[in-house]
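Asker: Pasting a structure here, questions to come.
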Amino acid sequence: MYSHSSESLIQQAREIQEPELQKFYSRLVKLLQGKELGHETVDSLQRLYLILSATKYTRMLPSDLQKRLRSLLLSQSEQLQVLSAAVLRETLPLSGQEPNYNQENPAQLNSHATALLISQAVTRTDLSFFCAQLLRCLEGRPSESPAHSLLYILPVLNTILTHNPKCLTEDHVTLVSKKLVDWLRYASIVQGGGASSGRFFTGPRSRQPLPIAELDGTVSGDFFTVLCVGQGFTEDQWMNVYSFSMLRHWLLTYHSVSNGNTTVDAANRLQLSLSLSLSFSNDDRSEVDGSVVSMVSATSSSSRVLPPKERLREKAFQYCQRLIEQSNRKAHKKTDTELQKACLVEAVYILDCVCVEDASLVYRTFPSIKALFGRLSSDLLYARVLLPIAQFCLNHGELAAVDCDSMWKLVFGRFPAELFSDPFLAHELLRFLRLNLENIQLRVSQYTHFFPNLLKFLAWDSPAVVDDFVDLLPSLVTPGTTVELLHTLLDLPCLSATLVLQLRSACLPISEPGSRSLACLDAFRHSSSRGLFLFLLRGEAGSGDTIERLDDLHKLLAEAADWPRVIHCAQTVPVLLHIFFNTVVMVADETLLAHLILVMLERSSLLFNIPTYIKEIHRVFSCHLLRLCKLHPSLIMYQSHELLEFAGTTANVYTKEELYTHVP
Amino acid sequence: MVRCFLIHTVCPVSALSAGESRVLYSRVFGPDEESERTPEERRLLQKEKIAAVARQVRSAVSLTREASGRVLVELVPGDEALALQDADSGVVRLRAGDPFSEEMSVLWLGVQSLGFTMVCEPHENLLLAEGTLRNLTRHCLEHLHMLGQGSEVLLRSTRIDVLLSRLLPHGQLLFLNHRFAQTLEKDVAAYMAM
């Protein structure tokens, strides 16, 4: 795939000499002066792009070439638009020629020129001006703008407000909110014309417009969403897709409740929710939204219309409820099934978001979330969808007086135990823990209890998740778990090997004819040694700090000592031990510390035999033994016998000396 | 939003030191976060950030391949579907400041000697991102004949630009059902035929 020819192309581009480059520029200017720009021009432009992009040092273009390229940005040919934008992106604008954002008319720009403009924007003012222009376009519909131009406005807006939410004024936010409501909730419910009509989007068919359909082929009975299909799509149906695609980000940017903590007093929220329910209105078109079961009965008969932001919130709520219902249908295509999952994730996150903003929605939302959980909780293929539900439970479970126990059993129990080898689930679950740590420690009492399960992610793919555990490990160190945790960390490489065996055991038949069988796999399956492995595979703490026959286990796993996965794991243990000990001194009393010292001394001669591993662990131990003794000199008194024994046998001369000087 | 998309080597390259990665294509979306600097510095910083991402993914890919012990099978044009099915995949977490100002989730697909990488902002729907990345990779493999010996990824980079402008416009992930996707892909195919 990556060939010598590619490498040499890049080298040539990087090493082109100035005289040759200047000649090339001149030739290109001549080519661009021609009436027709043919293949030679296109190839030369592509070559220019390669030359400019191949090095991180910026090359300047002569001004006449730059000027010609800028005019190409507005060419009719998309190829020339793309090429000129790509080239200009790799060089600097001529001084004095910087774009004037107040004057650029987005209706005349194409997507590529716009992207270039945004990438070169320097100040927030630039972007604000441009936003204002964009929104003028949005407001002024229908207009004569080329077919595609409206479509990219929402993505452009979204990318601008990522760094610069203040680029939009209150009025702008209101305008966009109104537009989003229209597109999300009131897009056309008939299909566009067939694809054979040859146009990108199509108005409704002149005769017998067909209604849109669901992903399982049935006719849609409700408003248009991203999970609806048709032969062709109308413009507002496209805008429905773009609107939903940016909805969450929009809500997070302009609707979020800015308090840092989500532990708002439940009574206050209840009062808030009751008073808000009275200001609820029916919207014009749908009287009773069949898919929404309202548990807040006091919807008033007043026809007071909600302000735009609140209206958007309500429509977002309805859209997500509809998506949840639509995801229950059996899609004909696999890619659509995957889309349904992604929609469920998004819908639940958005519902979480709007419920944080308006607590009255919790009562209306919870039934469908609960039903969704019931539907999906036994299917591991939907594990990643259950994480947003867990987030919802964490944020709102208390308000809805729901027992989230079965949720936590899944998240801390089944998921790590069975899905430890899924890198995406691991990433998302650990991220969920990191972002909600305080809340979890408060509300999920059994969190630390599940550390053996959580460490499975680490044992399986240490390089990918060690960073997450650097952040999470301190939360797992409690007086109750310390000793067992220390043993588990020291045996992490063994867990790594065992997880490999567990997976292999599930895949391979009991006896493979003619193949080389692993001794440790046999041991894994054999009844006399199985118990040792099962201890390592336990999900919860509390059944014992370690096992009696640890030595036997190490011997049974001996051939795993050179497995790369096991070695990667072993390399991360020292770092985690440092974090462990640094945390321990803050939570443990002297008795516990004394116990830990004993464990260290005992384990220093009982470690899984990977060559550098034992040495590294000894180094960590020496460092922390010393530290603990310095902090608590009385410990030396308690343990003096064992310490001296340890000092006598260890190869660490430095430690020996220090210990001797400290022991009275 | 997606902050950037890149295609880079994940195999040893003789001209580079071990662990380094050659970036064949990169595209950053949105305004630059380093607005305090000169345009030249900004470009340099951007290239360096991309190089840093490529190195991290290179490392992740080789560790994953080492751990799984799978042997890479040589594939030829026509095997694109198989290449995608067999691809290694994973996520790298980038801490805030290293190198982007916010924490990022970097999704990657390792197809033979190349990595296809997507840097996603926090709060992004990673399920959607993963699907989009796979789709983009499939299109790149097919439209740029990447399983062959050719260098189209370098000589026809505009095809990737156009692909991105439809399927990931300005870094926006899109919820596309198969009908919407088909329409966009037809549009892309029309461009590729030129």
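The values are calculated or read from the model by the stated rules, or taken from the named source; none is laboratory data. What you are looking at is a predicted structure, and each value in this text was computed from that prediction instead of being measured. Positions of Cβ are backbone-derived with ideal geometry, glycine not excepted, and every protein chain shown enters the neighbour counts. Ligands, DNA and RNA are excluded from the accessible area calculation, which covers all protein heavy atoms including side chains. Shrake-Rupley method; radii C 1.70, N 1.55, O 1.52, S 1.80 Å.
Asker: Tell me, please, whether a residue that is at positive phi, open to solvent by 20 Å² or more (accessible area, probe 1.4 Å) and either part of a helix (DSSP H, G or I) or away from chain B (no Cβ under 14 Å) (or both) can be found in segment A:373-381. Show your work before the answer.
Answerer: To start, the set of residues in segment A:373-381 that are at positive phi comprises none.
No: zero hits.
Asker: Now, a different point. Take the residues of segment B:1-21 that are facing another protein chain (nearest Cβ under 7 Å) and either open to solvent by 20 Å² or more (accessible area, probe 1.4 Å) or under 11 Å from the mean Cα position of the chain (by Cα) (or both): which is modelled with the highest pLDDT? Spell out the reasoning first.
Answerer: We begin by selecting, within segment B:1-21, every residue facing another protein chain (nearest Cβ under 7 Å); these are B:1, B:9, B:11, B:13, B:15.
Subset that is either open to solvent by 20 Å² or more (accessible area, probe 1.4 Å) or under 11 Å from the mean Cα position of the chain (by Cα) (or both): B:9, B:11, B:15.
Values: B:Thr9: 95, B:Cys11: 91, B:Ala15: 87.
This residue is B:Thr9.
Asker: Could you tell me which residue of segment A:352-368 is surrounded by the fewest Cβ atoms within 10 Å (Cβ to Cβ), considering only residues that are in a helix (DSSP H, G or I) and in contact with a Leu (Cβ under 7 Å, 6 or more places away or on another chain)?
Answerer: At the first step, the residues of segment A:352-368 found to be in a helix (DSSP H, G or I) are A:352-357, A:360-368.
Filter once more, keeping what is in contact with a Leu (Cβ under 7 Å, 6 or more places away or on another chain): A:353-355, A:360, A:362, A:365.
Numbers: A:Cys353: 23, A:Val354: 19, A:Cys355: 26, A:Ser360: 22, A:Val362: 27, A:Thr365: 24.
Selected residue: A:Val354.
Asker: Just one of the numbered conditions (1) more than 17 Å from B:Leu44 (Cα to Cα); (2) surrounded by 18 or more Cβ atoms within 10 Å (Cβ to Cβ) is not true of A:Gly96; which one?
Answerer: (2)
Asker: List, please: which pairs have Cβ atoms under 9 Å, are six or more places apart or on different chains, and start with a residue in segment A:95-122 that is closer than 16 Å to A:Leu72 by Cβ and free of Cβ contacts under 8 Å to residues at least 60 places away in the same chain and end with one that is of a type in the set (Phe, Trp, Tyr) and in a loop (DSSP other than H, G, I, E, B)?
Answerer: Close Cβ pairs satisfying both conditions: A:Asn110/A:Tyr152; A:Ser111/A:Tyr152; A:Thr114/A:Tyr152; A:Ala115/A:Tyr152; A:Ala115/B:Phe29; A:Leu117/A:Tyr101.
Asker: Now a separate question. Exactly one of (1) facing chain A (nearest Cβ under 9 Å); (2) more than 17 Å from B:Ser68 (Cβ to Cβ); (3) assigned to a strand (DSSP E or B) is unmet by B:Phe116. Its number?
Answerer: (1)
Asker: Go through A:Lys67, A:Lys56 for me and flag whichever is of a type outside the set (S, T, N, Q) and modelled with pLDDT of 90 or more. Let's see the steps before the verdict.
Answerer: On the way: A:Lys56 fails: modelled with pLDDT of 90 or more.
It is A:Lys67.
Asker: Filter segment B:51-108 down to the residues that are in a helix (DSSP H, G or I), in contact (Cβ under 8 Å) with a residue 60 or more places away in the chain and of a type in the set (Asp, Glu) and list them by number. If you could, list the steps in order and put the result at the bottom.
Answerer: Here is the first cut: in segment B:51-108, the ones in a helix (DSSP H, G or I) are B:51-68, B:80-86.
Filter again for in contact (Cβ under 8 Å) with a residue 60 or more places away in the chain, leaving B:53-54, B:57, B:80, B:83.
The answer is B:Glu80, and nothing else.
Asker: Looking only at segment A:454-475, decide whether some residue is of a type in the set (Val, Ile, Thr) and at pLDDT below 95.
Answerer: The initial filter retains those residues of segment A:454-475 that are of a type in the set (Val, Ile, Thr), namely A:465-466, A:470.
Those still in the list that are at pLDDT below 95 too: none.
No, every residue in segment A:454-475 fails to be of a type in the set (Val, Ile, Thr) and at pLDDT below 95.
Asker: Right, here's the next one. Looking at the structure I just gave you, is A:Arg384 charged (D, E, K, R), closer than 30 Å to A:Glu214 by Cβ, within 14 Å of chain B (Cβ to nearest Cβ) and open to solvent by less than 20 Å² (accessible area, probe 1.4 Å)?
Answerer: On the way: charged (D, E, K, R): yes; closer than 30 Å to A:Glu214 by Cβ: yes; within 14 Å of chain B (Cβ to nearest Cβ): yes; open to solvent by less than 20 Å² (accessible area, probe 1.4 Å): no.
So A:Arg384 fails the test.
Asker: Residue pairs, Cβ under 8 Å, 6 or more apart or interchain, first in segment B:173-184 and over 11 Å from B:Gly131 (Cβ atoms) and more than 7 Å from chain A (Cβ to nearest Cβ), second at pLDDT 95 or above and open to solvent by 30 Å² or more (accessible area, probe 1.4 Å). List them.
Answerer: Listed pairs, sorted by first residue: B:Leu184/B:Leu176.
Asker: So how many residues does segment A:301-351 have that are small (Gly, Ala, Ser) and part of a helix (DSSP H, G or I)?
Answerer: Going residue by residue through segment A:301-351, those that are small (Gly, Ala, Ser) are A:301-303, A:316, A:327, A:331, A:342, A:347.
Narrowing the set further to residues that are part of a helix (DSSP H, G or I) leaves A:316, A:342, A:347.
Count: 3.
Asker: It is to be established whether one or more residues within segment A:598-619 are surrounded by fewer than 19 Cβ atoms within 10 Å (Cβ to Cβ), free of Cβ contacts under 8 Å to residues at least 40 places away in the same chain and within 14 Å of another protein chain (Cβ to nearest Cβ).
Answerer: Checked against the condition, which is being surrounded by fewer than 19 Cβ atoms within 10 Å (Cβ to Cβ), free of Cβ contacts under 8 Å to residues at least 40 places away in the same chain and within 14 Å of another protein chain (Cβ to nearest Cβ), segment A:598-619 yields no hits at all.
Asker: So, one more: Does segment A:328-349 hold any residues that are buried (at least 23 other Cβ atoms within 10 Å of the Cβ) and more than 10 Å from chain B (Cβ to nearest Cβ), and which are they?
Answerer: If the condition is that a residue be buried (at least 23 other Cβ atoms within 10 Å of the Cβ) and more than 10 Å from chain B (Cβ to nearest Cβ), then A:Ala347, A:Val348 are the ones that fit.
Asker: Mind checking which residues of segment A:67-83 are open to solvent by less than 20 Å² (accessible area, probe 1.4 Å) and at the interface with another protein chain (Cβ under 8 Å from one of its Cβ atoms)?
Answerer: Hits for segment A:67-83 are A:Val82, A:Leu83.
Asker: Next question. Can you pull out every residue in segment B:161-185 that is more than 15 Å from B:Met1 (Cβ to Cβ) and among the aliphatic types (A, V, I, L, M)?
Answerer: Within segment B:161-185, B:Val162, B:Leu163, B:Leu176, B:Ala181, B:Leu184 qualify.
Asker: Still on this model: If you go through segment B:128-163, how many residues are open to solvent by less than 30 Å² (accessible area, probe 1.4 Å), more than 7 Å from every other protein chain (Cβ to nearest Cβ) and more than 20 Å from A:Asn240 (Cα to Cα)? First the steps, then the outcome.
Answerer: We begin by selecting, within segment B:128-163, every residue open to solvent by less than 30 Å² (accessible area, probe 1.4 Å); these are B:128-129, B:132-133, B:136-137, B:139-141, B:144, B:146-148, B:151, B:153-154, B:157-158, B:160-163.
After this cut, where a residue has to be more than 7 Å from every other protein chain (Cβ to nearest Cβ) as well, the list is B:129, B:132-133, B:136-137, B:139-141, B:144, B:148, B:153, B:160, B:163.
Of the ones still in play, those that are also more than 20 Å from A:Asn240 (Cα to Cα) are B:133, B:136-137, B:139-141, B:144, B:148, B:153, B:160, B:163.
Final tally of qualifying residues: 11.
Asker: Here's something else I'd like to know. When segment A:86-113 is examined, which residues are found to be at the interface with chain B (Cβ under 8 Å from one of its Cβ atoms) and either among the aromatic types (Phe, Trp, Tyr) or under 35 Å from the mean Cα position of the chain (by Cα) (or both)?
Answerer: A:Ala86, A:Glu90, A:Leu92, A:Ser111, A:His112 - these are the residues of segment A:86-113 that are at the interface with chain B (Cβ under 8 Å from one of its Cβ atoms) and either among the aromatic types (Phe, Trp, Tyr) or under 35 Å from the mean Cα position of the chain (by Cα) (or both).
To keep it simple, each residue is scored yes or no on (1) in a helix (DSSP H, G or I); (2) out of contact with any helix residue (DSSP H, G or I) (no Cβ under 8 Å at 6 or more places or on another chain).
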{"position": "A:Met586", "(1), (2)": "yes, yes"}
{"position": "A:Thr591", "(1), (2)": "yes, yes"}
{"position": "A:Leu606", "(1), (2)": "no, no"}
{"position": "A:Glu616", "(1), (2)": "yes, no"}
{"position": "A:Val620", "(1), (2)": "yes, no"}
{"position": "A:Leu628", "(1), (2)": "yes, no"}
{"position": "A:Leu635", "(1), (2)": "yes, no"}
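Asker: Among B:Ser105, B:Ser101, B:Ser68, B:Ser35, which is the only one that is over 17 Å from B:His8 (Cα atoms) and surrounded by 21 or more Cβ atoms within 10 Å (Cβ to Cβ)?
Answerer: The match here is B:Ser105.
Asker: For segment A:130-153, which residues satisfy the criterion of being at pLDDT 85 or above, closer than 23 Å to A:Gln81 by Cα and either touching a Ser or Thr at 6+ places or on another chain (Cβ under 9 Å) or within 14 Å of another protein chain (Cβ to nearest Cβ) (or both)?
Answerer: A:Phe130, A:Cys131, A:Leu134, A:Tyr152, A:Ile153
Asker: Which ones in segment B:70-99 are of a type in the set (Asp, Glu) and over 20 Å from B:Arg55 (Cβ atoms)?
Answerer: Keep residues of segment B:70-99 that are of a type in the set (Asp, Glu), which gives B:74, B:79-80, B:86, B:88, B:98.
Answer for segment B:70-99, where residues must be of a type in the set (Asp, Glu) and over 20 Å from B:Arg55 (Cβ atoms): B:Glu74, B:Asp79, B:Glu80, B:Asp86.
Asker: Could you go through segment B:46-61 and let me know if any residue there is facing chain A (nearest Cβ under 8 Å), open to solvent by 40 Å² or more (accessible area, probe 1.4 Å) and over 21 Å from the mean Cα position of the chain (by Cα).
Answerer: no
Asker: Restricting attention to segment A:105-128, does a residue exist that is assigned to a helix (DSSP H, G or I), among the acidic types (Asp, Glu) and at pLDDT below 90? Outline the logic, then answer.
Answerer: Step one: list which residues in segment A:105-128 are assigned to a helix (DSSP H, G or I), which gives A:106-108, A:111-119, A:124-128.
Then drop every residue that is not among the acidic types (Asp, Glu), which leaves A:126.
With at pLDDT below 90 added as a condition, the list becomes A:126.
Within segment A:105-128, one or more residues are assigned to a helix (DSSP H, G or I), among the acidic types (Asp, Glu) and at pLDDT below 90.
Asker: If you go through segment A:39-66 one residue at a time, how many are surrounded by fewer than 16 Cβ atoms within 10 Å (Cβ to Cβ), without any contact (Cβ under 8 Å) to a residue 24 or more places away in the chain and part of a helix (DSSP H, G or I)?
Answerer: 3
Asker: Name the residues in segment A:467-489 that are closer than 24 Å to B:Glu103 by Cβ and either open to solvent by 30 Å² or more (accessible area, probe 1.4 Å) or of a type in the set (Ser, Thr, Tyr) (or both), would you? Before you say what the answer is, go through the steps one by one.
Answerer: We begin by selecting, within segment A:467-489, every residue closer than 24 Å to B:Glu103 by Cβ; these are A:467-477.
Passing the criteria: A:Asp467, A:Val470, A:Asp471, A:Pro474, A:Ser475.
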